Amino acid sequence: MPEGPAPAPVVQRLRVRYAKRGRLRFTSHRDISRAVERAVRRAGIPVAFSAGFTPHPKISYAGAAATGVASEAEYLEIGLTEPRDPARVRADLDAALPDGLDIVDVVTVRPVRTGEAQAKPGALADRLEASEWRIRLDGVASDDAASAVAAFLAAAEIEVERLTKKGRRRFDVRAAVSALELDRRAEETADAPCAILRMVVRHTTPAVRPDDILTGLRQVADLAPPSPPLVTRLAQGPLDADTGGLADPLDSDRENDQPSGDDAEAAQGSALPISGEAVSADAVSA
């Protein structure tokens, strides 16, 4: 067993939405996590550490986008040893990160109210049920894209094959897509002929990625873009079965008014600040 005092307990947890824009889309998740850890140190944020011989900062990520994909809705959770104003953390962390990694929102993790009692909040990953994607296909005529979308939606099942950690697997991509459409309004503002698709994709196992759906479009309609697609995740969160839209996964943390930490005894007696409202910027950086 390592000697020395035990690490300070977590008394506040913050959930952070950040964007990955421009050239930073090509940054690997490992490099992003390193950049976040350095930024936390530069900003003087009192991050908690794990115990053991090799302590690690208590920063966890949920639903990270793949390398090469831009995103307006990436999420992480950070444990702090001292309470901090989320609005101040947002400003300080954003200033310490490189351009292209931008902090959009920060909220305090709060317990779930069940009548008179309070319970631990659920995992953030459990709220990320689906993602909304925007895919720009340069050199593709809008009519060709519209025909491919119609063929995709008309299919009962579309199986694609992909190499995974467990070997080659075949899976149905059609079942994961709850919405798919051609965005003609966005095409009008494009600086060159292109087709722009928007889609809502459920998070499944194995995960259905935008490139899997493009493979499906190629199978059903021979849609083959002449250049690599530009993919941007616009949102991820709970899927509304009635509207087909996505809710903000941080809304339930804003609705409650009591702070929480992973150490209940340490959290009691600590007056944590109420999360400040932060304005989300949904500018697409494709």
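The values are calculated or read from the model by the stated rules, or taken from the named source; none is laboratory data. Being a predicted model, the structure only gives us computed values, none of them experimental. All Cβ positions, even for glycine, are placed from backbone atoms using ideal geometry, and neighbour counts span all protein chains on display. Quick note on the areas: whole protein, heavy atoms, side chains included, nothing else; ligands and nucleic acids left out. Shrake-Rupley method; radii C 1.70, N 1.55, O 1.52, S 1.80 Å.
Under 12 Å from the Cβ of Arg174, count the other residues' Cβ atoms, weight Lys and Arg +1, Asp and Glu -1, and hand me the total. It would help to have the intermediate numbers written out before the result.
Numbers: positive: Arg202; negative: Glu157, Glu159, Asp172, Asp212.
Summing Lys and Arg as +1 and Asp and Glu as -1 gives -3.
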Rounded to whole Hz, the Karplus (6.51, -1.76, 1.60) HN-Hα couplings of the range 223-230, x for glycine and proline: 7, 10, x, x, 9, x, x, 9
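Loop only per DSSP, at most 11 neighbouring Cβ atoms within 10 Å: give me the trypsin sites (Lys or Arg not before Pro) in the range 151-233, ordered by residue number. Could the numbers behind the result be given before it?
Values: sites: Arg162, Lys165, Lys166, Arg168, Arg169, Arg170, Arg174, Arg184, Arg185, Arg198, Arg202, Arg218, Arg233; in loops: Lys165, Lys166.
Counting only loop positions with at most 11 other Cβ atoms within 10 Å, the trypsin sites (Lys or Arg not before Pro) in the range 151-233 are Lys165, Lys166.
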Amide H within-cut-off set for Ala48, under 5 Å, with H built and near neighbours excluded: Lys58, Gly79, Leu80, Thr81
Table column - 3J(HN,Hα) (Hz), the range 247-254, Karplus curve with 6.51, -1.76, 1.60, x for Gly and Pro: 8, 6, x, 9, 4, 5, 6, 6
³J(HN,Hα) computed for each position of the range 87-95 - Karplus, 6.51 cos²θ - 1.76 cosθ + 1.60, integer Hz, glycine/proline x: 5, 5, 4, 4, 5, 5, 5, 5, 5
Å² per residue, accessible surface of the range 12-124 at 1.4 Å: 46
Within-12-Å neighbourhood charge of Ala241 [Cβ basis; K, R +1; D, E -1]: -2
